[in-house]
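Presented below is the structure to which this report refers.
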Amino acid sequence: MEYAYLAKVYDHLMEDVDYEQWIDYIEHFLDKNLISKKDRILELACGTGNITVPLSKKGYELIAIDRSIEMLSQAQQKAVALNLTIEFYQQDMLNLQVQELYKTILCLCDGINYILDLKDLRAFFQKVYSLLREGGVFIFDISTYYKLKEVLGGNTYGEDLGDITYLWENFFSEEEETVEMDLTFFQINRNGFYEKHKEFHIQKAYRHQELQSLLKETGFSSVESYHDLSFNQPRENSHRIFFVCRKP
Ligand SMILES: C[S@@+](CC[C@H](N)C(=O)[O-])C[C@H]1O[C@@H](n2cnc3c(N)ncnc32)[C@H](O)[C@@H]1O
């Protein structure tokens with residue numbers, strides 16, 4: 001299962017990510033759309049809570065969902081350590097079971113790339129739209145087609161982290177427009193032997209224009225897209241694109 005073993009090293013792999021910058025960036029759009037701290041945020045694919053926890057620390061109320069119990073458990077531990085009240089639920093975001101409507105829905109750091117089928121993505125956007133209140137915003141990002149094909153595709157990464165050593169091999173399929181990620185972990189057990197664990201991920205490479213059209217078709221009145229954590233237009237070689245979609 002995805003993010004079962006990876007949950008143990010996820011935060012280490014994300015060490016170079018400036019989450020403070022992500023939080024400031026997201027807050028900019030919340031402020032711009034007059035979202036107050038009292039408006040509960042629904043966060044999808046929250047992972048280990050790297051966005052959830054800082055937003056909660058800033059005073060936002062959040063409900064956070066992920067399908068990996070291992071990732072949620074890391075997130076929960078961080079929230080408990082800081083005495084924060086965050087509702088975490090294990091759910092598949094393609095089959096969301098939530099009761100209320102929200103002013104903000106977030107899905108950050110590749111969550112959308114894990115939706116492999118265009119039909120599922122269309123239904124997901126419609127569901128998100130239906131869960132937004134009038135004037136609400138849906139903010140998400142993608143790893144771009146360019147990044148998955150030209151940067152990750154065909155490349156292998158690895159690191160010796162002491163207790164755990166990992167190998168991360170990436171294969172891009174032109175036909176499927178996906179990147180297959182083959183992760184191998186070696187961890188020393190109590191007896192001093194290495195245990196080998198495997199995990200397999202697939203991410204879909206979506207094109208910017210394809211998403212833009214789909215979101216407009218869903219009914220969002222404005223769909224803004226930006227090059228990686230900036231306020232500039234996406235470029236041909238952007239690695240990440242953020243989308244800010246507003247319900248009329
Ligand atoms: C790259 S991590 C991002 C985590 C977090 N948003 C962050 O910014 O660090 C992607 C997360 O998406 C979750 N995910 C992927 N598909 C999902 C689905 N269908 N439903 C719920 N969570 C999903 C994975 O379990 C994983 O925790």
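Simple point charges give the picture: +1 on the Cβ of Lys and Arg, -1 on the Cβ of Asp and Glu, and for the stretch 147-204 a dipole about the Cα centre of about 240 debye. Projecting the Cα atoms of LEU108, PHE171, GLN187 onto the charge dipole of the chain (Cβ charges, centred on the Cα centre) puts LEU108 farthest toward the positive pole. Basic side chains Lys and Arg get +1 at the Cβ, acidic Asp and Glu get -1 at the Cβ, and with that the dipole of the chain about its Cα centre reaches some 980 debye. Contact order for the chain, expressed relative to its length and based on alpha carbon pairs under 8 Å spaced 6+ residues apart, stands at 17 percent. Rounded to the nearest 500, the helix-only mean residue ellipticity at 222 nm of the chain stands at -7500 deg cm²/dmol, with each DSSP H run of n ≥ 4 adding -39,500 (n - 2.57).
If I fit a long axis through the Cα atoms of helix 208-218 and take the longest principal axis of the Cα atoms of the chain, what angle between them do I get, 0 to 90°, rounded to 10? Approximately 50 degrees, to the nearest 10.
Between 0 and 90 degrees, the angle of helix 118-131 with respect to the longest Cα principal axis of the chain falls at about 50 degrees.
Against the chain, whose longest principal axis comes from its Cα atoms, helix 19-32 is set at around 10 degrees.
The numbers here are math on the coordinates, done by the rules we state, and not lab data. As the structure is a computational prediction, the values presented were derived from the model and not from experiment. In this analysis, Cβ positions are derived from the backbone assuming ideal geometry, glycine residues included, and neighbour counts consider all displayed protein chains.
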